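Each remark here refers to the structure printed beneath this line.
The values are calculated or read from the model by the stated rules, or taken from the named source; none is laboratory data. Because the structure is a prediction, the values reported are computed rather than measured. So basically every Cβ, Gly included, is an ideal-geometry build from the backbone, and we count neighbours across all protein chains shown. Heavy atoms of the whole protein, side chains included, go into the accessibility calculation; ligands, DNA and RNA do not. Shrake-Rupley method; radii C 1.70, N 1.55, O 1.52, S 1.80 Å.
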Amino acid sequence: DLLSESNVSVIVCASSNNNWFGRNTSPVRDCIDRAINLAVGTDSCASNNRLNMFDELRMLKKICPPLSGKELIAAVTVNGASAFGMTGKLGNIAPGFYADIISVPLDFNSPAKDLLDNLIGSAEEINFSMVGGNKIYSCL
């Protein structure tokens, strides 16, 4: 309750916690239920050999299966923006926000019924990225 009342963010680095420290549980559901801003990070190369946010989302889903695709995507978009004090500038695709966008191919043969679960489960490669409205990578 102290965290909830203090308006802080909790950043979860699920792969680092699981692979390096052997923690295969996390109080993320409690954070969400208590309205604590939950965001996702990758930690560092010292404890994670793949700094890949989709890997982090998949690990977090494995550790906490009740998390929905919507909650997981929020943790790497709007919640991440809030954690960095960038609400209103990052985390959404909307007028006035920085145009920081990626595109990834989806697996249309995925058994996932939810689009966000499909995205989290199948995303491996980025095929387009834009930062501040400027294209920085494209293989399209």
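Summary table below
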| item | result |
| --- | --- |
| Cα centre as origin, Lys/Arg/Asp/Glu Cβ charges: the chain dipole, Debye | 80 |
| C-alpha center-to-center spacing [the stretch 56-71, the stretch 72-111] in angstrom | 16 |
| Proximal aspartates and glutamates to LYS135, defined as alpha-carbon separation beneath 14 angstrom and excluding residues fewer than eight positions away on the same chain | ASP100 |
| Nearby lysines by direct alpha-carbon distance to LYS113 (threshold 20 angstrom, same-chain neighbours under 8 apart not counted) | LYS61, LYS62, LYS70 |
| For the chain: accessible area per residue (Å², 1.4 Å) | 63 |
| Axial C-alpha extent at least 27 Å, average Kyte-Doolittle at least 1.6 - helices from the chain (DSSP) | none |
| Dipole magnitude (debye, nearest 20) for the stretch 59-127, charges at Cβ of Lys, Arg, Asp, Glu | 220 |
| The chain - percent of accessible surface contributed by carbon and sulfur, probe 1.4 Å | 56 |
